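Down below is the structure, laid out as structure tokens.
The values are calculated or read from the model by the stated rules, or taken from the named source; none is laboratory data. All values derive from a computational prediction rather than experimental measurement. Cβ coordinates were reconstructed from backbone atoms using ideal geometry, including for glycine residues, and neighbour counts include every protein chain displayed. Heavy atoms of the whole protein, side chains included, go into the accessibility calculation; ligands, DNA and RNA do not. Shrake-Rupley method; radii C 1.70, N 1.55, O 1.52, S 1.80 Å.
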Amino acid sequence: MKKRIYRILAVLTAACLLLAASGAGAAKAENELWWKNTIAYEIYVRSFRDTNGDGIGDLKGITQSLDYLKELGAGALWLTPCYASPQEDNGYDIANFYEIDPVYGTMADMDELIREAGERGIRIVMDLVFNHTSDANPWFVEARAGRNNEKSDWYIWRDPGEDGGAPTNWRSIFGGSAWEYDPIRGQYYLHTFLKQQPDLNWENPEVRAELYKMINWWLDRGLGGFRIDAIINIKKFLPFRDFPADREDGLCSIRRMLEKAQGVYLFLDEMARETFRPHDAFSVGEVFDEKEEDLPFIIGENGCFSTMFDFSEKHIGADPRGWYASALPTPEEYKAAVFAAQRRCAGVGFFSNIIENHDEPRGVSHYLPAGERSDAAKKMLGGLNFMLRGLPFLYQGQEIGMENTVFDSIGDVDDISTLDEYRVALDAGLTEEQALAAVAPFSRDNARTPFQWSAEANAGFTAGTPWMKVNPNYPRVNLADQRGRPDSVYEFYRSLIALRKSPDYAETVVYGETEPYLPEEKDLMAYFRRGDRTLLVAGNFRSEERTMPLPGEIGALLINNLPELSAADGAVRMAPWQFLVLELA
Ligand code: NOJ
Ligand code: CA
């Protein structure tokens, strides 16, 4: 029996990769875009690092963490909105695009961050939120003052419906009617999200020109690019009309109207021509519900964005009645969604791959079976996502395996959409206790708890009182404990990043095609990456040992989340949650 233990090989390979990556440039020709060869990292500014003791993360906190982020290997940092804002939706309600909110710092802090990041080869990517503004934005203040001023057509206004009520029966994303009555104009304005977030009227060329001016102003300041919020929503389906109600409140999700709208790409292409392209800026779209035939307009050579997030896994188990009725994904559903997404973008462009972001629960709590929180399982999930074709986009804390938090009562909840879903659950007849338990696993707050730097007070996030309760598990899960510990989740992510950046493997890891391997095999997720080399990526989605037949001879073991690997008779024995990247001979 031919049996080999690959332990030494794995250790040696990982060490070589780290060495190679530290001095390595991109493997592909230099004319390839910089962002494809790096990894991106999302910072939820409010919860990353507080430097002045007010309990809220700030820009200085990011600047002070740049050496850490460079050590990790991030080449682009997406910051959630830090513009002047009343913070009704934690900054996704912008009152002034040209100002930094004092809670996060000053424009000088932002300039310093851009400069210091640049010196470390890191680009700053800001959040572009322009489907809507805050109702405190002077544009809206002017617009609502009357029907005949310069900005009166900058937002979306309609007369009351025949019954004197809202013009249509659309429900906003955060609950309730998507229309708000304004007594001064005697009209309703549309808000896809909160009523404090009125939708801009993109049909108005003046609005578009003003937004492009603002984008260019930021890019001229040295910004690397933008993440574009809620972008599909800027185009509405006209003329406005009711849609069949989908819940007992008699309303219908505004998504039904938005998904019928055509021609958003004309706006987006114009924006790309006027802003991103001349600056060679990076852009990543928050694109939901795109139609497959539209993909080449969104990403790839002629797309309006560099890349877009793949959200297909997020939709698994979603129930139109609300979170209380929704289910968590099974491994088979997860695998099917991921492979379908890889198929969709093949030959078109790059998706940005995530397991979580500030709008989702923590990936390790969502995609792994309930209660499974071992480092091996966390690494496996992270590795399977990271090795896909596309841009790996890590969310703060993912690299140390941060988990969902604990809500003692609804009073612990900050997130407006969790509060809405809680009400929906109560209306459906759940008790308060049941409603909280039902919405907790989906809450956006799970990802918004402060970053766990260390086991010190408040996880080292602040010397003051954190704006949101720190996840009580921080003595167990924190960066200080993991940094430099070879078997930690953090060092595992570093080895994945090193592989992506290593001259020998970058071509395959970045550009190689994805081809599922044994897709019918239950609880096994495996795929090839085929470029100038052939890699086999595999994860055992099970708490039991299993065997995986090999499609050929192993040339090298590149990544292993466990200390050992045994192979015999053309198969590998995979321990529970084992994750492997093998190079085939
Ligand atoms: C998507 C953002 O990521 C989310 O946090 C926000 O609430 C909505 N868009 C509205 O801007
Ligand atoms: Ca602060």
Practice item. Can you confirm whether the stretch 132-143 contains a residue that is within 16 Å of ligand 1 (Cβ to nearest atom), open to solvent by 20 Å² or more (accessible area, probe 1.4 Å) and within 23 Å of F240 (Cα to Cα)? Key: yes
Review point. For the stretch 115-132, which residues satisfy the criterion of being in contact with a helix residue (DSSP H, G or I) (Cβ under 6 Å, 6 or more places away or on another chain), part of a loop (DSSP other than H, G, I, E, B) and not hydrophobic (A, V, I, L, M, F, W, C)?
Key: R120, N131
Exercise for review: List the helices (runs of 4 or more DSSP H) that sit entirely inside the stretch 209-303 and contain at least 1 residues that are open to solvent by 80 Å² or more (accessible area, probe 1.4 Å) and either closer than 30 Å to D111 by Cβ or within 16 Å of ligand 1 (Cβ to nearest atom) (or both).
Suggested key: 255-258
Exercise for review: Answer yes if at least one residue in the stretch 190-200 is touching a residue at least 40 places away in the same chain (Cβ under 8 Å), farther than 30 Å from Y44 by Cβ and either more than 16 Å from ligand 1 (Cβ to nearest atom) or assigned to a strand (DSSP E or B) (or both), and no otherwise.
Suggested key: no
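Specify which of the listed residues (Q342, Q396) is crowded, with 18+ Cβ neighbours inside 10 Å and within 16 Å of ligand 2 (Cβ to nearest atom).
After applying the criteria, what remains is Q396.
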Check your understanding: Pairs, please: C-beta under 9 Å, at least 6 apart or cross-chain, first residue open to solvent by 20 Å² or more (accessible area, probe 1.4 Å) and in the stretch 408-427, second within 16 Å of ligand 2 (Cβ to nearest atom)?
Key -> D412/M468; D414/N90; D414/R448; D414/W467; D414/M468; I416/N90
Review point. What number of residues in the stretch 466-520 are among the aromatic types (F, W, Y) and without any contact (Cβ under 8 Å) to a residue 60 or more places away in the chain?
Key: 2
Exercise for review: Would you please name the residue that is farthest from K501 (Cα to Cα), looking only at residues in the stretch 52-98 that are hydrophobic (A, V, I, L, M, F, W, C) and assigned to a strand (DSSP E or B)?
Suggested key: A84
Exercise for review: Determine whether D319 is open to solvent by less than 70 Å² (accessible area, probe 1.4 Å) and in contact with a helix residue (DSSP H, G or I) (Cβ under 8 Å, 6 or more places away or on another chain).
Suggested key: yes
Revision key, fill the gap. D445 meets each of (1) within 17 Å of Q398 (Cα to Cα); (2) away from ligand 1 (no atom under 16 Å from the Cβ); (3) of a type in the set (D, E) with one exception, condition (2)
